[in-house]
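What follows is a short report on a single structure.
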Amino acid sequence: MSLIPQILRSLKHLPPFPVVAQRALNLLNQPEVSIEELVEVVKFDPGITANILRISNSAYFGLRREIHSLHQALLLLGTQELLKIIIASGATRLFANATPGYFQEHHGLWRHSISCALMADLLARELAATERTTAFTAGLLHDIGKIVLSLYVQQKFSQIMAVVDKRKIPFQQAEKLVLGISHAEVGGEMARIWDFPDRLRLVIHYHHLDRPEAFADDMVLLVYLADLLVMMFGQDLGNEGLAYDGFPQVLRHFNLRERDLERLLMHFSSSWGEAKVFFGLVGDGHAVQRAHRG
Amino acid sequence: MTVVVGVADMKVSNQANHLLVTHALGSCIGVAVYDPQARVGGLLHYMLPDSSLDPARAAENPFMFADTGIPRLFRECYALGAQKHRLAVKVAGGGQVLGGEEHFQIGRRNYAALRRIFLRNNVLVDNEEVGGAKARTMFLDLATGRVWVKVIGQNLVEL
């Protein structure tokens, strides 16, 4: 029995996307962003500045001087790094609820999302891609469909896994067979409802590469690969483990060898340790209530 | 007391009240060793097969690689009184994504590296739970030497 009608109903009751993150997304493709524009973005959430300063001062950025203001953060970190921090801080409210269909740990999805964002950023640097901020953001938001689908996956988890084992297909295809829709497709719908930039929506929708369209944009391939590498790294793995397809043509496309993947994992393990400050950003139930007030 | 072993990390102990645990092994491998007579054991969680990737990094943290981490695990257990012929050796992890036989093979290479090292040093593996697309958490109880593996989403299994 397809659960599509219920799932679509859940989408109708989707809370608004956090306004700070929304406004920050609109700055992604802008070559120059002024301090006035950033102040304009963060003023919608009075609590966010404290989080931005906390991250700016963390070991991850390793600055020698303590940052006390947005202005200083902009000067010392640069626009693009600051934009990443604002998007991560602004998006936390989305991830405040547990997603037990996918993760045992309360904040498992948030941790996986941050890990994927950091890996996408690292991979973009490795590949000398210019759009590192977009890579970070797409990595952060690639699994938003799991927020909505968790409830349904939880009910049908053993059935979905049985399909994975029996038919030797990846988890998102089994999701689609059992529930009628995959978390990637639900995420794509959410991105449409929230009016994300097209490119970001496509990454979310195609991040498991099950459609030929996915191969048309390097950003989709980059986030796909980051997601896979994070699964191999292992920490914060979901209930479905590593049950996703590895496509060798992606490695050929980026001219990466197995040895390069090992090196990426090695670099990631150090930045992951320093990036734990990001994990702590997601709060408790209060954050959820505020999210609904948008 | 639960003692967590992180990624690219190792703990050895002779405290009977210690439960060593390492969470969420993906392509990484967990190696648990235990000497029931000396009641000494250790748990290693390494990430990559071969330290030639970055010798400087291996010097900084030998637990990142199979070829530097595994010898350290055994040596530190010997330092606490364990003896090689009494050590029970159990292995878990080395998971893989689905598909290709030649790509995304870090899990498989991690396992092959361990087998090579053990073969060269005449170490037998008593039990293992490796490969597949599974995420695993591994426990070693220092009081008894018992080892459990939990595949995420499934029941605890003793190795």
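Things worth noting here:
- Sorted by Cβ density within 10 Å, fewest first, the residues A:F136, B:F63: B:F63, A:F136
- Relative contact order of chain B, defined on C-alpha pairs under 8 angstrom at six or more residues apart (%): 28 percent
- Ranking of A:R211, A:R65 by neighbouring Cβ atoms within 10 Å, starting from the fewest: A:R65, A:R211.
- Number of partner chain Cβ atoms within 10 Å, mean per residue of A:189-196: 0
- Computed from the Cβ-Cβ distance with R0 of 25 Å, the FRET efficiency linking A:E258 to B:A56 stands at 0.75.
- Restraint check, A:K146/A:K276; A:K168/B:K150; A:K12/A:K166; A:K168/B:K11; A:K146/B:K11; A:K12/A:K276, Cα-Cα greater than 28 Å: A:K12/A:K166; A:K168/B:K11; A:K146/B:K11; A:K12/A:K276
- Amide proton proximity set for A:N239, modelled H, under 5 Å, gap of 5+: A:F103, A:Q104
- If R0 equals 22 Å, the separation of the Cβ atoms of A:A216 and A:R125 corresponds to a calculated FRET efficiency of about 0.45.
- Springs between Cα atoms under 10 Å define the GNM used for chain A, and in it the highest mean-square fluctuation of A:Q30, A:Q22, A:Q173 occurs at A:Q30.
- Pair A:R64, B:V3: separation of 7 Å Cα→Cβ label points (nm): 3.9 nm
- Gaussian network model of chain A, Cα within-10 Å springs - most flexible of A:E213, A:E240, A:E131: A:E213
- Shielding of peptide A:250-259 by partners, expressed as the average count of other chain Cβ atoms within 10 Å per residue Cβ, is 2.
- Projected onto its three principal axes, the C-alpha set of chain B covers 44, 38, 27 Å, listed from the longest axis down.
- The ranking of A:H13, A:H208, A:H183 by Cβ neighbour count inside 10 Å, starting from the fewest, reads A:H13, A:H208, A:H183.
- Mean ellipticity per residue at 222 nm, deg cm²/dmol - from DSSP H runs of n ≥ 4 across the protein assembly as shown, formula -39500 (n - 2.57): -15000 deg cm²/dmol
- Percent of Cα pairs exceeding the 17 Å cut-off, where the set is region A:21-120: 54 percent
- Region A:191-287 - convex hull of alpha carbons, volume per residue in Å³: 141 Å³
- The protein assembly as shown: Rg to Rh, with Rh as the Kirkwood radius over Cα pairs: 0.98
Readers should treat all values here as calculations from the given coordinates under stated rules, not as data from a laboratory. Bear in mind that the values here come from a model prediction, so they are computed numbers and not experimental data. As a convention, Cβ positions derive from the backbone with ideal geometry for all residues, glycine included, and neighbour counts pool all protein chains shown.
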